[in-house]
Each structure stands twice: as C-alpha cells, then as structure tokens.
Amino acid sequence: MSRKIKLCLLGDSNVGKTSLVSRFASDFFNEHAEATIGASFISKTLQVDDQSVKFQIWDTAGAERYRGLTPLYYRGAAAALLVYDVTKLSTFKTLTLWIDELKQFGPQNIVVAIAGNKCDLEEREVPTEEAVAYADEIGALFLETSAKTGKNVKNTFVRICRQLPSEKTALGTSCETIALNNGSTEEENHCYC
Ligand code: GTP
C-alpha cells in the first residue's frame, strides 16, 4: 500500500527547516546552509509500517518578506511541521502566529507537529516543559530534534504519518528517546532529546 503526504515546513528564518529536510531526505547536514528563497520542494519515500509513504515536502523561507507566500505551500497540505530553535525564545513565540494563520486559512484537520530543533546545543531559551504544554494545548505532536546529529528527524516524519486519520490506530509507538511525561494519555505525542 502506498500514500502521498503533502507536508509544509513553517517557522522563523535560521531555525533549521532546510537542515531538517536535508537530514531526512539525504542524511546530510551543512553547517553553512544558505537561507531559502521563497520555498523549495523535495520528495522522499519512506516505509512506515506496512505502507510506502511519499512525503512531498515544501520547505518555506522563514524570512519575513516571504511570509505572504506561505499559503501557497500549506494549501492542500495534510500536515504542517512548525519548527523553532530551542536556543531562541523569539522563534518559539512566533509559532502562535503560524497556528493562528493555519486555523484561519489552512486546510481543515491538518496534522500539526512542532519540532524544537538544535537540541544538540546546550544553551536553551525554551524549556521543554513550556513547549510540551503549548503543544498539548493546541493538540500538536511535539518532538525535540537535531538536524545536526539526526536526533528524532526520521521519527518526526514517521509520527506525522501515523497521526494522519487512517493511521490513528498506530499511535502508541515508542520514541527514540524516553518521554519525561509520566503516564498521561498525551505521553505518546512527545519525544525529547
Ligand atoms: P531559512 O531558509 O532562512 O528559513 O532558514 P532555515 O530555517 O531553513 O535554517 P537552515 O536550515 O538554513 O539552518 C540555519 C543554520 O542553523 C545553519 O547554519 C545550520 O547549519 C544551523 N542548524 C540547523 N539545524 C541545526 C541543528 O539541529 N543544530 C545546530 N547546532 N545547528 C543547526
């Protein structure tokens, strides 16, 4: 069985959206990744359980001047991956703008996942607990990721796939790392570094 999933990456400039896509699609990390202009597209097929899943990924530019273009990319998307940088609080605060916009103009029932990227770095400005609370409040998946080390990158896409309507029964699979949450029903929606 195979399926196609259109997925859109959103988030501030420099949070690591392109790097996450490169790690996922090519297992490659560039310390000096260049800023995206407009948006870029990449597709990657992944085996998830008994399905071959073709992710059609739109990686949007985070720079403010491209904001007006993003509806073109999240239109018709089954999932949105909202990325922030765990070392920059301002990038986490911006997520509320994306959520408001998706609620207003995005596809109904779009699956939303939040990735706290650059979790390989020590200097944190966004506490995990705060991000988890926000993800729970809006019903989003939450993972801390590192495009640099690869931590939770593939897992993010697998979990998004499993969260899509026909895959709801597959919830409950394990994280790459141990969830801190002690036994709540939301536990399976969180993966930490
Ligand atoms: P825009 O294209 O401007 O929207 O930026 P972006 O969100 O696509 O960020 P990009 O992937 O270009 O990464 C920005 C910078 O952060 C680059 O120097 C990357 O090497 C670095 N970077 C990305 N992900 C990580 C990560 O997980 N850990 C660390 N330490 N650095 C990262």
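The values are calculated or read from the model by the stated rules, or taken from the named source; none is laboratory data. This one's a predicted model, so the numbers in the text were calculated from it and none came from an experiment. Cβ sites come from the backbone with ideal geometry, for glycine too, and all protein chains shown count toward neighbours. Note: areas computed on protein heavy atoms with side chains; ligands, DNA, RNA excluded. Shrake-Rupley method; radii C 1.70, N 1.55, O 1.52, S 1.80 Å.
Cβ separations smaller than 6 Å between residues 6+ apart or across chains give the following pairs from segment 73-84 residues that are closer than 12 Å to residue 11 by Cα to residues that are of a type in the set (Ser, Thr, Tyr): 80/74; 84/91.
Filter segment 119-129 down to the residues that are out of contact with any helix residue (DSSP H, G or I) (no Cβ under 8 Å at 6 or more places or on another chain) and without any contact (Cβ under 8 Å) to a residue 60 or more places away in the chain and list them by number. Talk me through it step by step, then tell me what you get.
From segment 119-129, those out of contact with any helix residue (DSSP H, G or I) (no Cβ under 8 Å at 6 or more places or on another chain) are 119-124, 127-129; that's our starting set.
Passing the criteria: 121, 122, 123, 124, 127, 129.
Taken as a whole, the condition of being away from the ligand (no atom under 15 Å from the Cβ), open to solvent by 60 Å² or more (accessible area, probe 1.4 Å) and under 21 Å from residue 112 (Cα atoms) applies to residue 4. Only residues that are buried (at least 18 other Cβ atoms within 10 Å of the Cβ) and either hydrophobic (A, V, I, L, M, F, W, C) or within 16 Å of the chain's Cα centre (by Cα) (or both) were counted across segment 51-90, and they come to 21.
Considering (1) within 11 Å of the ligand (Cβ to nearest atom); (2) buried (at least 21 other Cβ atoms within 10 Å of the Cβ); (3) not acidic (Asp, Glu), the lone condition that residue 24 does not fulfil carries the number (1). The set of residues from segment 59-72 being outside any loop (DSSP other than H, G, I, E, B) and closer than 24 Å to residue 134 by Cα comprises 59, 60, 64, 67, 70, 71.
Cβ-Cβ contacts under 9 Å between residues 6 or more apart (or on different chains), taken from a first residue in segment 24-37 that is polar (S, T, N, Q) to a second residue that is near the ligand (Cβ under 6 Å from one of its atoms), are listed as 30/18; 30/19; 36/13; 36/17; 36/18; 36/61; 36/62; 36/63.
Kindly indicate whether any position in segment 114-125 is of a type in the set (A, V, I, L, M, F, W, C), more than 13 Å from the chain's Cα centre (by Cα) and closer than 21 Å to residue 13 by Cβ.
Filtering segment 114-125 for residues of a type in the set (A, V, I, L, M, F, W, C) gives 114-115, 119, 121.
Subsequent filtering for residues that are more than 13 Å from the chain's Cα centre (by Cα) retains 119, 121.
Next, from what is left, pick out any that are closer than 21 Å to residue 13 by Cβ: 119, 121.
Checking segment 114-125: at least one residue is of a type in the set (A, V, I, L, M, F, W, C), more than 13 Å from the chain's Cα centre (by Cα) and closer than 21 Å to residue 13 by Cβ.
From the list 36, 60, which one is under 25 Å from residue 162 (Cα atoms), within 16 Å of the ligand (Cβ to nearest atom) and at pLDDT below 95?
Result: 60 is the single residue among 36, 60 that is under 25 Å from residue 162 (Cα atoms), within 16 Å of the ligand (Cβ to nearest atom) and at pLDDT below 95.
Only one residue in 19, 43 is part of a strand (DSSP E or B), of a type in the set (Gly, Ala, Ser) and either open to solvent by less than 50 Å² (accessible area, probe 1.4 Å) or over 14 Å from residue 160 (Cβ atoms) (or both). Which one?
Working: 19 fails: part of a strand (DSSP E or B).
Testing whether each residue is part of a strand (DSSP E or B), of a type in the set (Gly, Ala, Ser) and either open to solvent by less than 50 Å² (accessible area, probe 1.4 Å) or over 14 Å from residue 160 (Cβ atoms) (or both) leaves just 43.
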